[in-house]
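Structure first, commentary second.
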Amino acid sequence: MKFILIALSAILVNNIVLTRFLGICPFLGVSKKTKNALGMSGALIFVLLLSSLVSYAFYFLVLVPLGLEFLKLVAFILIIASLVQFVEIALKRFMPSLYKALGIYLPLITTNCVVLTVALDVVAVTGGVADYSFLEMIIYSLSNGIGFALVFIVFSFTQEKLANNKAIPTPFKGNAVALLAAGLMALAFVGFQGMI
Amino acid sequence: MKEKTSLKSIFLDGIIKNNPVFVLFLGMCPVLATTSSFSSALGMGIAVVVVLTMTNIIISLIRKIVPNDIRIPIYIVVIATVVTIVEMFMKAFMADLAATLGVYLSIIVVNCVILGRAEAFASQNNVGRSVIDGLGTGIGFLLALVLIALFREIIGTGAIEFVGLFSGKVLFRLPLFEKYAINIFVGNAGAFIMLGLLIALINMFTSVHEKRLLKLEAKKEEATVKEAK
C-alpha cells in the first residue's frame, strides 16, 4: 500500500514539473516535438534511477559514517555528472542504437534539476531515521521519472499544436503561450490534490 | 582587436538587454517556485546575486590555471561549494527564509544562469569586470523575481506583506483589495499563467519600441538623402 501511495503522490499529486516546478527548462525547450520529448523522457528515467541509487548508497555508506553530510551537494553533483558521462560512453559502446536515440539529451540531464532534487529528496533524514528505505527510494525515483515523462509527453502534443498557429497574437507567440498552456495543465492537476 | 565594453554597459546588459529571465529564459525553476510571495522572491534573488558574484570572482581568479578540457566539472564544483556555504549561512542566520526556500536553495547549483555566466564571461575576463557582470546579471534576475512576485502577491492575496529577511517576522502589511483577491495566482497554475502574461507584455513593449527605432532610422535616412540632394 505504501508503495502505491508513494507512486501516486509522486506521479499525480506532487508532480515534479507542475507542482514543484522542476525541469522547466527542458519542459519549455525540448518539448516542441513529441519525438524529442520521448527521447528526453527515456534518458531522464534511466539516469534518474541510476543517480538516486548511487547517491543513496554513497550518502549512507560513505558520507554519514565519515560525518561529512554537509558535502552532499558537491558529492551528488559530481556523481550525476560522472554518471551521465559514464552512461554516455557505455551506451555508445554497447547499444549504439539507443545511444543515437538518446544522444544529445544525455549531456543536458547533468544540469537538470529533477535529477539533483530527487537525489537530495531520497537521502532526507528525519529524527535520525531515513525517510525512504531502499525499496521505497527506488519506487520514489521511478515514479518521479514517470511523472516527468507523463507531463512532458502530454505537453509536447500541445506544443506541436501551438507551433505555427496563426490564431495566436504576436506578443504571445513562443514561450508566453506555452506557459499559459502549462498553467491550464497545472490547473487540471490541482484536481488530484484531494486524492491522498 | 575587439573593443572592450564599458563597465556600465556590462552591468546594464545583465539587467535589461540580456535579462536572464525575461529575455534569455534561463533558470526558470526558481522563477516559478519562489515567487508566490514578495519576501521569498527577494530572499531567493539575494541568494542568487551572492552566489553569482562569488562564483564569478573565483572562476575569474582561477581562469588561467584551469585546463580547458575539464573546465566544466571544475566550475560545477566551485558553484556547488559556494552554494553550500550560502545555504549553511542562511540556515544559521535566516532560518525561516531558508525553510521557505527549501530545496530551491540547493538547486541554485544547477541554475543555468550561474554556469552560463561562468562559462561565457568570468572564464575570459578579469576579476573586476567579472564582479560587475555577476552583480548585473544577478540583480537582473532579482528584479525579475521581485516583479513577478509583486504581481502574484497583489492579485493573489490582495495585499502586500514584507517579512524581515533575518527576523522572519512580518514587518509591515499593506491591505489593498483583499475581498477581491484571485487566489489562483498564488498557487501553481497561477505561476505559469502570470509568467506567460508578463512575457507577452514585455514582448509587446519591445516590439513597439523596435518599431519606433526603425521609424526613427528611416526618418534619419530620408533626411540624409535629402541633404545629399
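The values are calculated or read from the model by the stated rules, or taken from the named source; none is laboratory data. What you see is a predicted model; the values in this text were computed from it and never measured. Here Cβ is always computed from backbone atoms with ideal geometry, including for glycine, and neighbour counts include all displayed protein chains. To get the accessible areas, we keep the full protein, side chains included, count just its heavy atoms, and leave off ligands, DNA and RNA. Shrake-Rupley method; radii C 1.70, N 1.55, O 1.52, S 1.80 Å.
Quick notes
- Relative to the dominant Cα principal axis of chain A, helix A:134-162 is inclined by about 10°.
- Here region B:86-217 was treated as a single set of alpha-carbon atoms; its pair distances binned every 10 Å from 0 give 10, 25, 34, 23, 7, 1 percent.
- Residue-normalised convex hull volume from the C-alpha trace of region A:24-144: 106 Å³ per residue.
- Positive-pole candidate from A:113, A:146, A:87, dipole of region A:62-157, charges at beta carbon: A:87
- Each label point was placed 7 Å from the Cα along the Cα-to-Cβ direction; for residue A:97 and residue A:184 their separation is 3.8 nm.
- For the protein assembly as shown, with +1 on Lys and Arg beta carbons and -1 on Asp and Glu, the positive-most of B:97, A:162, B:189 along the dipole: A:162
- Region A:132-184 - Debye-derived log10 I(q)/I(0), Cα point model, q = 0.27, 0.29, 0.31 Å⁻¹: -1.00, -1.08, -1.15
- Close amide H partners of residue A:17, meaning residues 5 or more places away or on another chain with modelled amide H under 5 Å apart, are A:22.
- If you bin all the Cα-Cα distances of the protein assembly as shown at 20 Å, starting from zero, the percentages per bin are 23, 58, 17, 2, 0.
- Accessible surface computed residue by residue for the protein assembly as shown, with neighbouring protein chains in place and a 1.4 Å probe, gives 50 Å² per residue.
- Estimated buried accessible area (total), pair B and A, 1.4 Å, Å² to nearest 100: 2900 Å²
- Reported value for chain B: 163 Å³ per residue, from the convex hull of its C-alpha atoms.
- Over all pairs of different C-alpha atoms, region B:121-184 has a mean inverse distance whose reciprocal, the Kirkwood radius, equals 14.3 Å.
- Chain B - percent relative contact order, Cα under 8 Å, separation 6 or more: 29 percent
- Non-local Lys pairs in region B:90-229, i.e. 8 or more apart or on different chains, that have alpha carbons under 23 Å apart: 8
- Apportionment of accessible area to carbon and sulfur, chain B, percent (1.4 Å): 67 percent
- For residue A:33, no residue 5 or more places off, or on another chain, has a built amide H under 5 Å of its own.
- 30 Å Cα-Cα reach of residue A:35 towards lysines, excluding residues that sit fewer than 8 places from it in its own chain: A:92, A:100, A:161, A:166, A:173
- The angle between the Cα long axis of helix A:175-190 and the main principal axis of chain A comes to about 60°, on a 0 to 90 degree scale.
- C-alpha center-to-center spacing [region A:123-196, region B:155-187] in angstrom: 27 Å
- Normalised by the number of residues in chain A, the average gap of Cα pairs under 8 Å and 6 or more apart makes the relative contact order 41 percent.
- Under 11 Å, Cβ to Cβ, from residue B:174 - net charge with Lys/Arg +1 and Asp/Glu -1: -2
- Normalised by the number of residues in region B:1-118, the mean separation of alpha-carbon contacts (under 8 Å, six or more apart) gives a relative contact order of 31 percent.
- Net dipole in debye of the protein assembly as shown [+1 Lys, Arg Cβ; -1 Asp, Glu Cβ; about Cα centre; nearest 20]: 1180 debye
- Overall, region B:104-229 carries a charge dipole of about 280 debye about its Cα centre when +1 sits on the Cβ of Lys and Arg and -1 on the Cβ of Asp and Glu, all other atoms neutral.
- Here the label points at residue A:136 and residue B:162, each 7 Å from Cα along the C-beta direction, are separated by 4.3 nm in the simple model.
- Folded to 0 to 90 degrees: helix A:72-94 orientation relative to chain A principal axis, Cα: 70 degrees
- Three principal axis lengths of region B:13-94 [C-alpha, angstrom, descending]: 43, 36, 18
- Binned Cα-Cα distance frequencies in region B:186-229 - 5 Å width, integer %: 5, 20, 12, 12, 11, 8, 9, 6, 6, 5, 3, 2, 1
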